[in-house]
Amino acid sequence: MTKIVNVAIVGGGLMGREIAAALQRWPALINHPVHPQLTAVCDINPPALDWFDQIPTVTRKVTDYADLLGDDAIDVLYVAVRHDLHRQLYVDTIQAGKSLLAEKPFGIDASAAAAIVAAASANPQSFVRCASEFPFFPGAQVAVNYVRSGALGRIIEARCSFLHASDLDVGKPINWKRQARYCGEAGVMNDLGLHTWHVPLRLGWTPDRIFGVLQDIVTERPAPNGGRERCDTWDNAVLHGWVNKESYSFPLTTAMKRIDPGEKNTWEFEALGLEGGVRFSTKNPKRVEVFSVVDVPGGGREQVWSSLDAGSQSVWPTVTGPNFESGFSDAILQMLAAFLAEREGALGDRFGCATPEEAALTHAIYDAAIRSHEAGEVVQVGG
């Protein structure tokens, strides 16, 4: 009999609703070891809870997350709140013995992330991971597995980006993500960064030095009182790093942009080597491009970029036909499937959600990027 796992959501905003919707699609998965059901939701704004009335399994709606921590019937909490609230809510959840799927950046800064990691280490009964859905696109998984296969040979360079233009409108009202006291000094890196670092860090590509190029483009926005308020977070960040392998180094570039004209919500990954290469973008979610050098009729060798359609299958198999397309909601379902399978010890060597250590490491990278930008020079990560 499939094991029932009771899930609660803290934060009834956009991502809370996305997670709730994904859980309703659970029967699309084939032979998953657990069956999660959403039983409770929390938000400090009571009207935000009304949306969840359409989900029959939701039997509790509260405005204080502490009410959920003492509920023995709840196994897992998904928490999506402001960055400045991460440390308290995440540590409390872990210490209560609940499993936690946490939102990025896993604490507003390195100190907060370290406290969360320490709590997770001290409470191993609480399974903790950080959310990052884009690597669960089927095309992203094809790219990751291609790199893992060794087909690239010696790596020449790699990059990973997350790009959108949500802040292109200078008349858009200010919100908490544009204020450092809520979002953190790292700004857009805190907001979008784990999306760009999840795959590189999982592949073992931890940079030892960074050069950061940061932009604060729109410095003021309309305030709720009708005036204007200072935006003191970075809008765009491009980080150039060096990754040391056993016998060589290669450059790794990550880009996180809230203001990238022409983009909506694009995640991109590319890696090039002496023997092969691969690239994928959610802008064309079915297409994965693979580079190779091939023998040609008549003699000689030529460079070739070939394209393949990734289909619908990702980390966990689904009932969806393999020739169909996959999208954002499917990636969230796959992320949840990986999280709950790993919690159950059933993920094996398949790609999983970001670990607490990986999430905390991003803060050391962001700190290095800020120091680099201020000094105008390359700095050591963690130095």
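The values are calculated or read from the model by the stated rules, or taken from the named source; none is laboratory data. The shown structure was predicted, so the numbers you read here are calculated from the model rather than taken from an experiment. Ideal geometry is used to build each Cβ from the backbone, glycine not excepted, and the neighbour counts take in all protein chains shown.
With the requirement that a residue be farther than 18 Å from Ala271 by Cα, polar (S, T, N, Q) and under 20 Å from the mean Cα position of the chain (by Cα), what does region 188-222 give you?
Asn190
Testing Thr93 on (1) hydroxyl-bearing (Ser, Thr, Tyr); (2) closer than 23 Å to Ser329 by Cβ; (3) in a helix (DSSP H, G or I), one condition comes back false. Which one is that?
If we test Thr93 against (1) hydroxyl-bearing (Ser, Thr, Tyr); (2) closer than 23 Å to Ser329 by Cβ; (3) in a helix (DSSP H, G or I), just (2) comes out false.
Checking the structure you have, find out if any residue of region 53-65 is modelled with pLDDT of 95 or more, in a helix (DSSP H, G or I) and under 26 Å from Ala341 (Cβ atoms).
Checked region 53-65: no residue is modelled with pLDDT of 95 or more, in a helix (DSSP H, G or I) and under 26 Å from Ala341 (Cβ atoms).
I'd like the full set of residues that are under 19 Å from Ser312 (Cα atoms) and surrounded by 19 or more Cβ atoms within 10 Å (Cβ to Cβ), limited to region 19-45.
Within region 19-45, Ala22, Leu23, Leu29, His32 qualify.
Condition first: of a type outside the set (Val, Ile, Thr) and either over 23 Å from Met15 (Cα atoms) or surrounded by fewer than 21 Cβ atoms within 10 Å (Cβ to Cβ) (or both). Now tell me which residues in region 313-342 satisfy that.
Within region 313-342, Gln313, Pro317, Gly321, Pro322, Asn323, Phe324, Glu325, Gly327, Phe328, Ser329, Ala341, Glu342 meet the criteria.
Here is a yes/no grid of residues against (1) on the phi < 0 side of the Ramachandran plot; (2) touching a residue at least 40 places away in the same chain (Cβ under 8 Å); (3) part of a strand (DSSP E or B):
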site	(1), (2), (3)
Ala119	yes, no, no
Pro124	yes, no, no
Arg129	yes, yes, yes
Gln141	yes, yes, no
Asn145	yes, no, no
Ala151	yes, yes, no
Glu157	yes, yes, yes
Cys160	yes, yes, yes
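Yes/no per residue for (1) on the phi < 0 side of the Ramachandran plot; (2) part of a strand (DSSP E or B); (3) in contact with a helix residue (DSSP H, G or I) (Cβ under 8 Å, 6 or more places away or on another chain); (4) free of Cβ contacts under 8 Å to residues at least 12 places away in the same chain:
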position: Trp316; (1), (2), (3), (4): yes, no, yes, no
position: Leu333; (1), (2), (3), (4): yes, no, yes, no
position: Ala346; (1), (2), (3), (4): yes, no, no, no
position: Asp349; (1), (2), (3), (4): yes, no, no, yes
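When both residues are 6+ apart or on different chains and their Cβ atoms are under 9 Å apart, which pairs have a first residue that lies in region 368-383 and is within 19 Å of Gly193 (Cα to Cα), and a second that is among the basic types (Lys, Arg) and assigned to a helix (DSSP H, G or I)?
Once the first residue is within 19 Å of Gly193 (Cα to Cα) and sits in region 368-383, its partners that are among the basic types (Lys, Arg) and assigned to a helix (DSSP H, G or I) give Val379/Arg371.
Does any residue of region 23-46 turn out to be over 15 Å from Ile332 (Cα atoms) and over 26 Å from the mean Cα position of the chain (by Cα)?
yes
May I ask you to list pairs of residues, at least six apart or on different chains, whose Cβ atoms are under 9 Å apart, with the first in region 55-83 being closer than 21 Å to Arg25 by Cα and the second being basic (Lys, Arg) and outside any loop (DSSP other than H, G, I, E, B)?
Short answer, once both residue conditions are applied: Ile74/Arg60; Asp75/Arg343; Val76/Arg343.
I'd like to check something: does region 66-78 contain any residue that is outside any loop (DSSP other than H, G, I, E, B), under 25 Å from Ala186 (Cβ atoms) and either assigned by TED's automatic domain parsing to the domain that holds Ala20 or touching a strand residue (DSSP E or B) at 6+ places or on another chain (Cβ under 6 Å) (or both)?
For region 66-78, residues outside any loop (DSSP other than H, G, I, E, B), under 25 Å from Ala186 (Cβ atoms) and either assigned by TED's automatic domain parsing to the domain that holds Ala20 or touching a strand residue (DSSP E or B) at 6+ places or on another chain (Cβ under 6 Å) (or both): present.
Is it true that Leu101 is part of a strand (DSSP E or B) and closer than 26 Å to Glu18 by Cβ?
yes
Which count do you get for residues in region 351-370 that are closer than 30 Å to Gly383 by Cα and either not aliphatic (A, V, I, L, M) or not in a helix (DSSP H, G or I) (or both)?
Final tally of qualifying residues: 11.
State all residues of region 207-237 that are β-branched (Val, Ile, Thr) and surrounded by fewer than 18 Cβ atoms within 10 Å (Cβ to Cβ); if no residue qualifies, say none.
Of everything in region 207-237, those that are β-branched (Val, Ile, Thr) and surrounded by fewer than 18 Cβ atoms within 10 Å (Cβ to Cβ) turn out to be Val213, Ile217, Thr219.
Do you know which residues across region 162-185 are hydrophobic (A, V, I, L, M, F, W, C) and outside any loop (DSSP other than H, G, I, E, B)?
Phe162, Leu163, Trp176, Ala180, Cys183
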